[in-house]
1. Output the number of residues of the stretch 107-133 satisfying the condition of being outside any loop (DSSP other than H, G, I, E, B) and open to solvent by 60 Å² or more (accessible area, probe 1.4 Å).
2. Name the single residue, out of those in the stretch 86-106 being in contact with a strand residue (DSSP E or B) (Cβ under 9 Å, 6 or more places away or on another chain), of a type in the set (A, V, I, L, M) and over 15 Å from V144 (Cα atoms), that is least open to solvent (accessible area, probe 1.4 Å).
Amino acid sequence: MHVSDIQELMAVFDKSQISYFKLKMENVELVLDKSGKRNATAIAVESTPVVPLQTPTASACAINTTTGAASVGQKSKEDYILSPMVGTFYHRPSPTASPYVQVGDTIKKGQVIGIVEAMKIMNEIESECDCRILAIEVDDATAVEYGTQLIKIEKL
């Protein structure tokens, strides 16, 4: 929706017998209201699209690859398992249980590496590939966002 479209709607609304008009399209909400003191009011609100939660599977776990130079002529490859959602990351299934993975572990594709709690739902995060754990990037019970680097890995 363009500004000219909004202006045209406002002009038509102002001349009409309608006292209240609300329109929602894509990521724009337009409210026109004729009330006591004001002739016509337009409010355009941009909202972010709502993304439905997915059931985490191996494909929901994203892996980010960056390449940096370790020394002249030598490259090191760093891969990360990223958080697929916003929530709280846990290393273990319960406070008294042992962690899902530890630094140095070799894990298989589909193996659980941790849990992200989102809206009181415990979502298991799985590895997308066979790999070795190089570092655990976030502490237990830490708030994470979409794309937060959870675990540094080396693909096998």
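1. Total meeting the criteria: 4.
2. Step one: of the stretch 86-106, the residues in contact with a strand residue (DSSP E or B) (Cβ under 9 Å, 6 or more places away or on another chain) are 86-93, 99-106.
Then keep just the ones that are of a type in the set (A, V, I, L, M); that gives 86, 101, 103.
Filter once more, keeping what is over 15 Å from V144 (Cα atoms): 101, 103.
Values: V101: 4, V103: 94 Å².
If we take residues in the stretch 86-106 being in contact with a strand residue (DSSP E or B) (Cβ under 9 Å, 6 or more places away or on another chain), of a type in the set (A, V, I, L, M) and over 15 Å from V144 (Cα atoms), then V101 is least open to solvent (accessible area, probe 1.4 Å).
The values are calculated or read from the model by the stated rules, or taken from the named source; none is laboratory data. Quick caveat: nothing in here was measured; it's all calculated off a predicted structure. Neighbour counts run over all protein chains shown; Cβ positions are idealised from the backbone, glycine included. Surface areas here come from the heavy atoms of the whole protein model, side chains and all, with no ligands, DNA or RNA. Shrake-Rupley method; radii C 1.70, N 1.55, O 1.52, S 1.80 Å.
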